[in-house]
Amino acid sequence: MVSRVIPVDPFDLVIFGGTGDLARRKILPGLFRRFCAGQMPREARIIGAARTELDASGYRDVVAEAIGEFIGHHDYTKDQLTDFLSHLDYVPIDALGETGWKELQELMAGSPHIEAYYFSVGPRLFGDLAERLQRWGMADSECRIVVEKPFGRDLATARELNQTLATYFNEDQIYRIDHYLGKETVQNLMAVRFGNMLFEPLWNAQYVDHIQITVAETVGVGGRAEYYDKAGAMRDMVQNHLMQLLCLIAMEPPARFDPDAVRDEKLKVIRALDPVKPHHLVRGQYGAEPGNEEEMPDYRTAVDNPRSRTESFVALKTHISNWRWASTPFYLRTGKRMAARSSEITVVFKDTPHSIFAEDAGRHRNVLSIQLQPNEGITLGVTIKEPGPGGMRLIDVPLDMTFAEALGEEGAEQVDAYERLIMDVIRGNQTLFMRGDEVEAAWAWTDPIISGWEARNDVPKPYDSGSEGPTDATELMRRDSREWRKVSP
Ligand code: NAP
């Protein structure tokens, strides 16, 4: 089966922050892959914009180097790269000053193409960029802006940013990006849930024992120390990525697969979330890797703040107060420097109401596991008889629902989340982007959790680098006679 590549309409994409880490690592290599796949039309233009003084040729060198670094050389030809680079231009610009705006305006003037402006810069520049785009006549009602995370650091700042952007753009022009939503498996989760009769009748508190969502990283704070120490895992991961995954797994079937119908249902989930009780919350901070303290220092050394109380790990339990999920707990966990890089949503179904098999046959549960990182895939644990003459003994086998064989090589092609999302921006499809009210609702749930631990003067629990997190997180589950899925390499 061959996956279809449908070219998007001609576009002009301006990348503010076009020399930055995100642009070099994700956005430009992603666009290059779409170009090689034939999805980017020949008339398309990509315009880098940042303060660094470069001309178009200098920028092409920067982009060629980034593509060389982040895409394997064997994956493209020299001609493809040269061809792609010819679509690139560059404008030295200052988001906070007047430099470069006239030049950008001239470049964009009279273009018949779809216009998109990617704000791949620090969040303090978002408002200034929006204001200058309007002042220089580029914010017409047809253009789109793509806004990176973090979107605010609490409800008040998110609301302020929403209001600022709304001064210059309509909501249907604003694409708030959460790259987790661009993953193939996240969309497959919706296809599996809403395209099959099989799962939906079981998708509720009557049949689901609990749901767990884990986003575990092996990296520490790295080069983001200054930002991270002010943010922490709750703001950096839970409020956006984990919350979005929770919405998709728990939402009601939307009436149609269209942006507002899907986002209305996600919003209802966030608004139905219970507040998190202090004893259902664990915060942690990683320690140094024993024997490798220089390269893998503890959190406080890494952020150069010996008294830091910022969490690099959060685990929590919450409920969704609606008919579908009233008694099903949701356990969320995320951390840095954990045993493995692994993002997974796990739906653990209840035991059968009565077992007809002998006790020593073993008792098993169906577990649906949706893996997002490092590999994407969906598996369903099914109980079967252990093959052979050993009598009726039960074992679990994973049913691979990624169907790689059925889809063949083309079907198995993994498109990076950023590629998919940028193509959606050009297509004008906001389904996989967060709406302003969703972001605000997520902060409205997160803020009291943060202010609660600040008021309690809570100190994060230490945990070993390369572990599953603090022992208190294990206890959080054990108290309910449940267990986290192992974070395994
Ligand atoms: P970065 O490496 O620091 O790049 C920032 C970019 O902004 C550079 O191109 C910089 O170029 C430009 N810039 C800074 N001040 C400017 C100004 N006054 N006017 C015009 N351009 C200016 O940051 P990044 O890691 O790429 O992150 C960009 C955004 O994406 C941030 O909001 C970040 O939170 C978000 N994000 C990043 C990642 C990631 O993996 N990197 C992941 C998720 C979200 P000049 O210095 O030449 O001006």
Fewest-first ordering of 6, 211 by Cβ atoms within 10 Å yields 6, 211
Within the chain, percent of DSSP bridges classed antiparallel, to nearest 5:
55
Checking rank on 156-169, 112-125, with mean other Cβ inside 10 Å and highest first, the result is 112-125, 156-169
Where GluC sites (Glu not before Pro) fall in DSSP loop in region 5-78, at most 16 other Cβ within 10 Å:
43, 53
Rank these for me by crowding, 55, 264, going from fewest to most other beta carbons within 10 Å.
55, 264
Quick note, the chain: a/c under 1.5 would make it rounded; otherwise a/b > b/c is prolate and the rest oblate (a ≥ b ≥ c, C-alpha gyration tensor); here it is prolate
Among 24-35, 73-84, 381-392, how do they line up from the highest to the lowest mean number of other beta-carbon atoms within 10 Å?
24-35, 73-84, 381-392
Just how far, in whole angstrom, is region 329-403 from region 132-187 if you go by their alpha carbon centroids?
39
Quick one: which of 172-179, 292-299 comes out on top by average Cβ neighbours within 10 Å, and what's the full order, highest first?
172-179, 292-299
Rounded, prolate or oblate: which fits region 330-477 when a ≥ b ≥ c are the square roots of the eigenvalues of the alpha-carbon gyration tensor, with rounded for a/c under 1.5 and prolate only if a/b beats b/c?
oblate
On a 0 to 90° scale, report how tilted helix 56-70 is relative to the longest principal axis of the chain, with both axes built from alpha carbons and the result rounded to the nearest 10.
20
Under 15 Å between alpha carbons, and skipping anything fewer than 8 positions from residue 461 in its own chain: which aspartates and glutamates qualify?
298, 311, 472, 475
Sequence neighbours fewer than 8 away in the same chain don't count; with that in mind, list the lysines whose C-alpha is under 23 Å from residue 183.
26, 149, 266, 268, 336, 486
Electrostatic dipole magnitude of the chain [Cβ: Lys, Arg +1; Asp, Glu -1; Cα centre; debye, to 20]:
1340
Binning at 5 angstrom from zero up to the longest distance, how are the C-alpha pair distances of region 25-123 distributed in percent?
2, 11, 23, 24, 20, 13, 6, 2, 0
Within the chain, helix-based [θ] at 222 nm, where runs of 4 or more DSSP H residues each add -39,500 (n - 2.57), nearest 500:
-9500 deg cm²/dmol
Want the number for residue 172 to residue 261: 0.36 nm per residue separation, take away the alpha-carbon distance, what's left?
30.7 nm
Expected sort for 365, 45, 263 with the fewest Cβ neighbours (10 Å cutoff) up front is 365, 45, 263
Distance in nm between residue 373 and residue 164 label points, each 7 Å along Cα→Cβ, equals 2.7
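Here, each number is a calculation from the coordinates, and none is a lab measurement. All values reported here derive from a predicted model rather than from experimental measurement. Ideal geometry is used to build each Cβ from the backbone, glycine not excepted, and the neighbour counts take in all protein chains shown.
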